[in-house]
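Contents: one structure, followed by commentary.
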Amino acid sequence: MCLAIPVQVKEVLPDNMAKVTLDGVSKIISTALVEDVKPGDHVLLHVGYALAKIDPEAAERTLALLREAALGDAA
């Protein structure tokens, strides 16, 4: 099974790359598969590649579900 997670673009870099963050963790990713990526956009990230843009509300809903799943029976 593959999992893509929403991240927010903080900075667009040369050569189809971008700096993204998730819960305070930054990572440099490829944006070669997605057109017109700008700072503030949310993208789906899978193994270092942005796959698609996603609206901020959908990104937050997905992240909330992932956090809930991570809690498991502890919730």
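The values are calculated or read from the model by the stated rules, or taken from the named source; none is laboratory data. A quick note: this is a predicted structure, and the numbers were derived from the prediction, not measured. Neighbour counts run over all protein chains shown; Cβ positions are idealised from the backbone, glycine included.
For this structure, a couple of remarks:
- Meets criteria (modelled with pLDDT of 95 or more, polar (S, T, N, Q) and either closer than 10 Å to PRO6 by Cβ or in contact with a Phe, Trp or Tyr (Cβ under 6 Å, 6 or more places away or on another chain) (or both)) for SER26: no
- Selection over the range 38-66 of residues that are acidic (Asp, Glu) and either under 10 Å from the mean Cα position of the chain (by Cα) or part of a strand (DSSP E or B) (or both) gives a count of 1.
- A Cβ distance below 6 Å, combined with a sequence gap of six or more or placement on separate chains, defines the contacts here; from the range 62-73, residues that are over 15 Å from VAL7 (Cβ atoms) reach no residue that is polar (S, T, N, Q) and assigned to a helix (DSSP H, G or I).
- Scanning the range 1-37 for residues that are surrounded by 11 or more Cβ atoms within 10 Å (Cβ to Cβ) and in a loop (DSSP other than H, G, I, E, B) gives ALA4, ASN16, THR31, ALA32, LEU33, VAL34, VAL37.
- Residue-level check: of (1) within 9 Å of the chain's Cα centre (by Cα); (2) at pLDDT 95 or above; (3) not aliphatic (A, V, I, L, M), THR21 misses just (2).
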